[in-house]
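The values are calculated or read from the model by the stated rules, or taken from the named source; none is laboratory data. Please read all numbers here as calculations on a predicted model, not as lab measurements. Don't worry about glycine lacking a Cβ; one is built from the backbone with ideal geometry, like all the others, and counts go over all protein chains shown.
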Amino acid sequence: MDYAYPWDRLIAHFKFQENPAWAGHFAALMRSAPWVEPALEAADFVIPMPLARERLLQRGFNQSALLARHLSPDKTLEQVLLRVINTPAQSALDRKDRQDNVRHAFAMEPLLQGAVSDKRIVLLDDVMTSGASMSAAATTLRHAGAAHITALVFARTGVDAATA
């Protein structure tokens with residue numbers, strides 16, 4: 001899905017206007033892409049991109065976790081990947097600053113560190129712009145021993161926005 005009109009506004013309403021019920025509709029749209037079902041079937045776990053505690057408290061829900069629960073409730077593993085640094089919002093940063101912003105933002109929950117070892121993971125997010133957050137999170141999962149990581153997103157920004 002291209003993160004452009006009307007999807008950019010719908011996703012913003014989903015995330016920021018307290019419309020968590022839309023997750024089911026967005027998950028159904030994701031499933032319509034031919035690569036989503038095979039990725040979910042092959043995965044041992046679906047791990048949503050975590051929010052920093054402050055952002056989660058402000059928003060009241062993690063939109064990526066809601067999508068994951070609708071896509072694959074039996075495989076969703078929410079508490080294993082943590083966002084340990086409350087970074088500034090990525091949307092206002094250029095590509096280099098985005099990479100720097102999230103470089104050390106993720107960690108594994110110490111008690112669940114071994115949960116992803118030798119497992120196939122689907123890393124799920126709502127929107128991908130530069131890919132910096134997904135890359136940093138995937139690196140953390142790789143260091144914890146994940147055997148394979150597939151990134152799935154509901155929407156992707158255009159190339160110009162991602163490389164700005």
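Can you go through Ala137, Ala146 and tell me which one is modelled with pLDDT of 95 or more, surrounded by 20 or more Cβ atoms within 10 Å (Cβ to Cβ) and in contact with a helix residue (DSSP H, G or I) (Cβ under 6 Å, 6 or more places away or on another chain)?
Exactly one of Ala137, Ala146 is modelled with pLDDT of 95 or more, surrounded by 20 or more Cβ atoms within 10 Å (Cβ to Cβ) and in contact with a helix residue (DSSP H, G or I) (Cβ under 6 Å, 6 or more places away or on another chain), namely Ala146.
Evaluate the following for Thr129: is it in contact with a Phe, Trp or Tyr (Cβ under 9 Å, 6 or more places away or on another chain) and modelled with pLDDT under 85?
So Thr129 fits the description; yes.
Within segment 102-118, how many residues are surrounded by fewer than 12 Cβ atoms within 10 Å (Cβ to Cβ) and within 10 Å of His143 (Cα to Cα)?
Matching residues across segment 102-118 total 1.
With (1) modelled with pLDDT of 95 or more; (2) in contact with a helix residue (DSSP H, G or I) (Cβ under 7 Å, 6 or more places away or on another chain) as the list, and Glu109 as the residue in question, which single condition is left unmet?
(2)
Mind listing whichever residues of segment 110-163 are of a type in the set (Ser, Thr, Tyr) and either touching a Gly at 6+ places or on another chain (Cβ under 8 Å) or more than 17 Å from Leu51 (Cβ to Cβ) (or both)?
Of everything in segment 110-163, those that are of a type in the set (Ser, Thr, Tyr) and either touching a Gly at 6+ places or on another chain (Cβ under 8 Å) or more than 17 Å from Leu51 (Cβ to Cβ) (or both) turn out to be Ser117, Ser130, Ser135, Thr139, Thr150, Thr157, Thr163.
Scan segment 73-101 and report the pairs whose first residue is within 19 Å of Leu124 (Cβ to Cβ) and charged (D, E, K, R) and whose second residue is exposed (fewer than 13 other Cβ atoms within 10 Å of the Cβ) and modelled with pLDDT of 70 or more, with Cβ atoms within less than 9 Å and a gap of 6+ or a chain change.
Between residues of segment 73-101 that are within 19 Å of Leu124 (Cβ to Cβ) and charged (D, E, K, R) and residues that are exposed (fewer than 13 other Cβ atoms within 10 Å of the Cβ) and modelled with pLDDT of 70 or more, the close pairs are Arg83/Arg53.
Does Glu37 satisfy the criteria of being closer than 22 Å to Gly24 by Cα and touching a helix residue (DSSP H, G or I) at 6+ places or on another chain (Cβ under 9 Å)?
Spelling it out, Glu37 is indeed closer than 22 Å to Gly24 by Cα and touching a helix residue (DSSP H, G or I) at 6+ places or on another chain (Cβ under 9 Å).
Quick one: which residue in Leu66, Leu93, Leu81, Leu57 is modelled with pLDDT under 95, farther than 22 Å from Phe26 by Cα and surrounded by 19 or more Cβ atoms within 10 Å (Cβ to Cβ)?
None of the others qualify; the one that does is Leu93.
From the residues in segment 37-54 that are crowded, with 18+ Cβ neighbours inside 10 Å and aliphatic (A, V, I, L, M), which one is nearest to Asp118 (Cα to Cα)?
Ala43
Please give the number of the condition Leu123 fails out of (1) part of a loop (DSSP other than H, G, I, E, B); (2) surrounded by 14 or more Cβ atoms within 10 Å (Cβ to Cβ); (3) modelled with pLDDT of 95 or more.
(1)
Residues to consider are Val159, Val153; find the one that is at pLDDT below 95, surrounded by 20 or more Cβ atoms within 10 Å (Cβ to Cβ) and not hydroxyl-bearing (Ser, Thr, Tyr).
Result: Val153 is the single residue among Val159, Val153 that is at pLDDT below 95, surrounded by 20 or more Cβ atoms within 10 Å (Cβ to Cβ) and not hydroxyl-bearing (Ser, Thr, Tyr).
Right, Phe26: modelled with pLDDT of 85 or more and in a helix (DSSP H, G or I) or not?
yes
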